[in-house]
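So that we are looking at the same thing, I have put the structure below in structure tokens.
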Amino acid sequence: MKCKDVMLTLVFKCNLQSSITECAQLMRDEHLGFVPVLDEDLKVVGVVTDRDIAVRVVAEQRDPSTKVSAIMSPAPFLTCAPEDDLHELEERMAKSKKGRALVRARDGALLGIISLSDIAQRERSASRTGKLLKEVTRRESVSIIRQ
């Protein structure tokens, strides 16, 4: 199976001049946890996640009118081409612990996004999807001892 077979092509995005408020409202309205940030040439220069907003805006008490460029996660991103093998992308997602990948054309233009849920909905093997999810979401356990 190819990446183009599972990618979502309706991609909501914002630009470098968008405010955090605008981005958060887009995420709320469209039920998103991830928004690519495009420059004036329509190339992806960053991504904003719901976690970025929680950690870099709310926790740091930043002004929500701040531009997304101040809080976005910059490159490198996990990317693939439409013709890439999906199983190879799954292995890279597991290794990098990334739940999403940007699908880009040869010139770098954004064509779509693939998330774990997209793979899970199309994958024929539940055990394969489960293994990928387990690897991507694996975290080091931390013990806190209280005295």
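Conditions: (1) under 22 Å from residue 1 (Cβ atoms); (2) modelled with pLDDT under 85. Residue 111 meets all but one. Number of the miss?
(2)
State the number of residues belonging to region 25-79 that are surrounded by fewer than 16 Cβ atoms within 10 Å (Cβ to Cβ) and either over 12 Å from the mean Cα position of the chain (by Cα) or of a type in the set (Val, Ile, Thr) (or both). If you could, list the steps in order and put the result at the bottom.
Of region 25-79, the ones surrounded by fewer than 16 Cβ atoms within 10 Å (Cβ to Cβ) are 25, 28-31, 33, 39-43, 50-51, 54-55, 58-66, 70, 73-76.
After this cut, where a residue has to be either over 12 Å from the mean Cα position of the chain (by Cα) or of a type in the set (Val, Ile, Thr) (or both) as well, the list is 25, 28-31, 39-43, 54-55, 58-66, 70.
Count: 22.
Only one residue in 37, 58 is in contact with a strand residue (DSSP E or B) (Cβ under 9 Å, 6 or more places away or on another chain) and of a type outside the set (Phe, Trp, Tyr), so which one is that? Write out each step before concluding.
Numbers: 58 fails: in contact with a strand residue (DSSP E or B) (Cβ under 9 Å, 6 or more places away or on another chain).
Residue meeting the stated conditions: 37.
Quick one: in region 90-120, which of the residues that are in a helix (DSSP H, G or I) and of a type in the set (A, V, I, L, M, F, W, C) is surrounded by the fewest Cβ atoms within 10 Å (Cβ to Cβ)?
Filtering region 90-120 down to residues in a helix (DSSP H, G or I) leaves 90-96, 116-120.
Those still in the list that are of a type in the set (A, V, I, L, M, F, W, C) too: 93-94, 116, 119-120.
Details: 93: 23, 94: 17, 116: 19, 119: 23, 120: 15.
By that ranking, first place goes to 120.
Quick one: would you say residue 44 is modelled with pLDDT under 95 and either out of contact with any Pro (no Cβ under 9 Å at 6 or more places or on another chain) or not in a loop (DSSP other than H, G, I, E, B) (or both)?
Working: modelled with pLDDT under 95: yes; either out of contact with any Pro (no Cβ under 9 Å at 6 or more places or on another chain) or not in a loop (DSSP other than H, G, I, E, B) (or both): yes.
Yes, satisfied.
Do the conditions hold for residue 83, that is, is it surrounded by fewer than 17 Cβ atoms within 10 Å (Cβ to Cβ) and closer than 23 Å to residue 25 by Cβ?
Details: surrounded by fewer than 17 Cβ atoms within 10 Å (Cβ to Cβ): yes; closer than 23 Å to residue 25 by Cβ: no.
Answer is no for this residue.
Within region 1-28, track down each residue that is under 25 Å from residue 122 (Cα atoms) and assigned to a helix (DSSP H, G or I). If you could, list the steps in order and put the result at the bottom.
Residues of region 1-28 under 25 Å from residue 122 (Cα atoms): 1-13, 27.
3, 4, 5, 27 - these are the residues of region 1-28 that are under 25 Å from residue 122 (Cα atoms) and assigned to a helix (DSSP H, G or I).
The values are calculated or read from the model by the stated rules, or taken from the named source; none is laboratory data. Being a predicted model, the structure only gives us computed values, none of them experimental. Virtual Cβ from ideal backbone geometry, glycine too; neighbours counted across all protein chains shown.
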